[in-house]
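> The structure is given below, and queries will be raised subsequently.
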Amino acid sequence: MSKIQKIKGFSDLFSPESDQFQFLEQTARDVFSRYGCRELRTPIIEKTNLFARSIGEETDVVQKEMYTFPDRKGRSLTLRPEATAGVLRAYIENKLYAREPLQKLFTCGPMFRYERPQKGRMRQFHQINVEVLGTDAPQADAEVLLMLWTFLQSTGLKGLAIELNSLGCAECRPVFHDALRSFLDSLDTDRLCDDCKRRKDTNPLRVLDCKVPACKEMTKDAPCISDHLCPECREHFAAVREVLDQAELPYTLNPRLVRGLDYYQRTTFEIVSGDIGSQSAVAGGGRYDGLIEKLGGPKLPGIGFACGMERLALLLPEQEEPHLDFYLAVLDDSALNTSLILAQHLRDKGFTGEVGFETKSVKAQLRQANRKQAKTCLLLGTEEMDKGQILVKDMATGAQQSVSQDDLEQALGLQ
RNA sequence: GUGGGUGUAGCUCAGUUGGUAGAGCUCCUGGUUGUGGCCCAGGUGGCCGCGCGUUCAAGUCGCGUCACUCACCCCA
């Protein structure tokens, strides 16, 4: 029979790595809850048009990266490629805004995009996500960034940088777009790279982001979004930066920072690392005023971010294997059941430990205890049972003592 | 979607001009009748990714295919 293997771009997550994921989620939960964020869990499948409408029909994500399929009655469903759309849908559908428009929501879980896998990019990947809905106060933008940065600091990660930009709003962005377009048209387009020739029409902002030196050189005098912001957006962005400066958040302005999803407006940001390969963004987000309305909700603003857990995990040190308080070596079959019950009592008292299910040689079981980094090895056989005693061996010193079961708890506690 | 690299033991990798498959680590057993790590001895473990071709003979050469991986693109 041929072996069945996992599908491309999906992965089985085993212990050291799954521990990292757990650590990241737990840290996020702890930090975000201090800001009043509540956890929300939404389905990983939604109706396709939710994503088409929010992310944008023309984006690469919607055009060629979604896992879209008909259900048994022919309705088009999609594995979520990002979290914001689902969270907003839930916010609107459950009328959370009716009781309290301002909602701080945290969610995490798997996302799906059909892309060619590479370092830091899987088809099933995991994100930690925060949305702050119902306010356009610049202080909310600042708080979201502080929340994200505090979370990242709490994970102990180093070498991360914050890039910040404002993309303008529905008023000023089109003006900038026109200015950019006419600038690009004025260039000797033959000298642009093939991608930029295409991007010039499909996604002009991306041209500013091109890594090809020739393109960089040609666009160095391109119009800058910051010079085209309308007074309101300019004021909003300045207010955001004022709080960030007061909080001494270490960010750099990047007027060429672009977002891949259409819904972003005004404040946008990205956290980048130089240590994880070419997929260097570990988190990204921004404001999306107008999106809630676009999804059939009230006219309320929002801002949020997503963190790539795989990318963060690449930067995390390996977690240490958890140590055992005891490993119980069973010397005779007749001691097996007693051993298991004894271990169960110890676990009830809060000790961590394992029992050797198979009565292999003492040598083999001690080797096992050593491998599992147990603090102690308990040895139980017929001899010990007759005396109502159990042998406790300290694995670090090799010292060994015979204690009654009543004293065992204390003996372990002293280790 | 495009390009590069790599597929040999559980892991990391050798393998000569084509000639019957190797090491280190891991694991198991023993050296020590019921005592771990270090050391020593032995052992388990392979459709050499898969298929086709060339050849007396293919891990090795050719073609195809699949998988993994890095990069472009895109993005968290």
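> Return the lysines within reach of residue A:393: Cα separation strictly under 26 angstrom, same-chain partners fewer than 8 residues apart disregarded; answer none if there are no such residues.
Within the straight-line limit of under 26 Å, residue A:393 reaches these lysines: A:349, A:360, A:363, A:372, A:375.
> Same structure again: Write out the trypsin sites (Lys or Arg not before Pro) in segment A:137-226 meeting two conditions: DSSP loop, and at most 14 other Cβ atoms within 10 Å of their Cβ.
A:158, A:211, A:220
> For residue A:44, put the label point 7 Å out on the Cα→Cβ axis and report which residues of segment A:1-37 keep their amide N under 19 Å from it.
Answer for this model: A:5-15, A:17-26.
> Within a Cβ distance under 10 Å of residue A:258, other residues only, what is the Lys/Arg minus Asp/Glu net charge?
Summing Lys/Arg as +1 and Asp/Glu as -1 gives +1.
> Continuing with this model, one more query. Would you please name the GluC sites (Glu not before Pro) within segment A:351-385 that are DSSP coil residues with at most 16 other C-beta atoms within 10 Å of their C-beta?
Here the GluC sites (Glu not before Pro) that fit, given the DSSP loop and packing criteria, are A:358.
> Next question. Any chance you could give the angle, 0 to 90 degrees and rounded to 10, that helix A:15-33 forms with the longest Cα principal axis of chain A?
With both axes taken from Cα atoms, the answer is about 60 degrees.
> Between residue A:345 and residue A:30, what is the FRET efficiency for a Förster distance of 22 Å, r being their Cβ-Cβ separation, to the nearest 0.05?
E between residue A:345 and residue A:30, to the nearest 0.05, is 0.10.
> Roughly how many nanometres apart are two label points built 7 Å out from the Cα toward the Cβ at residue A:202 and residue A:67?
That separation, rounded to one decimal, is 2.4 nm.
> State the percentage of accessible surface on chain A attributable to carbon and sulfur atoms; use a 1.4 Å probe and exclude ligands, DNA and RNA.
Carbon and sulfur: 48 percent of the exposed surface of chain A.
> Moving to a separate point now. Under the rule a/c < 1.5 gives rounded, and otherwise a/b versus b/c splits prolate from oblate, where does chain A land using the Cα gyration tensor?
prolate
> Please identify the trypsin sites (Lys or Arg not before Pro) of segment A:76-112 that satisfy two criteria: DSSP loop assignment and at most 15 other Cβ atoms within 10 Å. Which are they?
Numbers: sites: A:89, A:95, A:99, A:104; in loops: A:95.
Answer by residue number: A:95.
> Answer rounded, prolate or oblate for segment A:324-415, using the Cα gyration tensor with square roots of eigenvalues a ≥ b ≥ c: rounded when a/c is under 1.5, else prolate when a/b is larger than b/c, else oblate.
Since a/c stays below 1.5, the shape of segment A:324-415 is classed as rounded.
> Let me ask another. Between residue A:75 and residue A:217, what FRET efficiency comes out of the Förster formula 1/(1 + (r/R0)^6) with R0 = 56 Å and r the beta carbon distance, rounded to 0.05? Working shown, then result.
Numbers: r = 50 Å, r/R0 = 0.89.
So the FRET efficiency works out to roughly 0.65.
> Let me ask you something else. Taking only Cα atoms, what is the 0 to 90° angle, nearest 10, from helix A:336-348's long axis to the longest principal axis of chain A?
50 degrees
> To continue, here is another question. Can you give the accessible area per residue of chain A, in Å², using a 1.4 Å probe?
53 Å²
> Sticking with this one: Report the longest stretch of chain A that contains none of the chymotrypsin sites (Phe, Trp or Tyr not before Pro) sitting in a DSSP loop with at most 15 other Cβ atoms within 10 Å.
Values: sites that count: A:10, A:14, A:114, A:357.
Looking at chain A, A:115-356 is the longest stretch - no exposed chymotrypsin sites (Phe, Trp or Tyr not before Pro) with at most 15 other Cβ atoms within 10 Å.
> Could you please state, rounded to a whole Å, how far the C-alpha centre of segment A:21-43 is from the C-alpha centre of segment A:137-159?
So the separation of the two Cα centres works out to 13 Å.
> Could I ask something else about it? Determine the calculated [θ] at 222 nm for chain A from helices alone, applying -39500 (n - 2.57) to every DSSP H run no shorter than 4 residues and normalising by the residue count; nearest 500 deg cm²/dmol.
Details: 17 runs with 162 residues, N = 415.
Theoretical 222 nm ellipticity from helices: -11500 deg cm²/dmol.
The values are calculated or read from the model by the stated rules, or taken from the named source; none is laboratory data. This structure is a prediction, so every number in the text was calculated from the model and none was measured. A quick note on method: Cβ atoms are made from the backbone with ideal geometry, for glycine too, and the neighbour counts reach across all protein chains shown. These area figures cover heavy atoms from the full protein model, side chains too; ligands, DNA and RNA do not enter into them. Shrake-Rupley method; radii C 1.70, N 1.55, O 1.52, S 1.80 Å.
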